Amino acid sequence: MLEIAVTVAKLFELVGMGVIVIGTVFAIGKLALSVTGVTRTEEVAGDRDLVSAFRKTLGRSILTGLELLVAADIIRTVAVEPTMESVLVLGLIVIIRTFLSFSLEVEIEGHWPWQKVRAPAKDGED
């Protein structure tokens, strides 16, 4: 059973790293295609929008990868090495990754999670 837990934790780590790497490559590719003019969506109209779209794509892949890495740490700590030291290290890792996730989420969405999102104003409305 211990071997299965170790294998599953390693699998989660590999998938988490893969999501981050593939997401980064995808975000760079999407940015390159937009910059060269090969693809251009309506939501991406200027340089600032290109950077914003790149950061959103990259941020989402990092967030997903971090979640998978946290899951691997939890599996490893709970099933493989349940010592007080490993639990404390896990707690510190989860706090750091939660802070990173929270910061990335604010960066992607552009507002604090507890703030309501304003609907864009229609022409002629203030």
Qualifying residues in region 87-115 (those that are exposed (fewer than 11 other Cβ atoms within 10 Å of the Cβ) and among the aliphatic types (A, V, I, L, M)) - the one nearest to Gly59 (Cα to Cα)
Ile95
Answer with yes or no whether Thr98 is among the hydroxyl-bearing types (Ser, Thr, Tyr), closer than 23 Å to Val6 by Cβ and at pLDDT 80 or above.
no
Mind counting the residues in region 56-86 that are at pLDDT 85 or above, surrounded by fewer than 18 Cβ atoms within 10 Å (Cβ to Cβ) and of a type outside the set (A, V, I, L, M, F, W, C)?
5
If we ask which residues in region 74-92 are in a helix (DSSP H, G or I), closer than 15 Å to Ala5 by Cβ and free of Cβ contacts under 8 Å to residues at least 40 places away in the same chain, their number turns out to be 5
I'd like the full set of residues that are surrounded by fewer than 15 Cβ atoms within 10 Å (Cβ to Cβ) and under 12 Å from the mean Cα position of the chain (by Cα), limited to region 23-40.
none
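The values are calculated or read from the model by the stated rules, or taken from the named source; none is laboratory data. Computed from a predicted model, the values in this text were never measured in an experiment. Note that we place each Cβ from the backbone using ideal geometry, even for glycine, and neighbour counts take in every protein chain shown.
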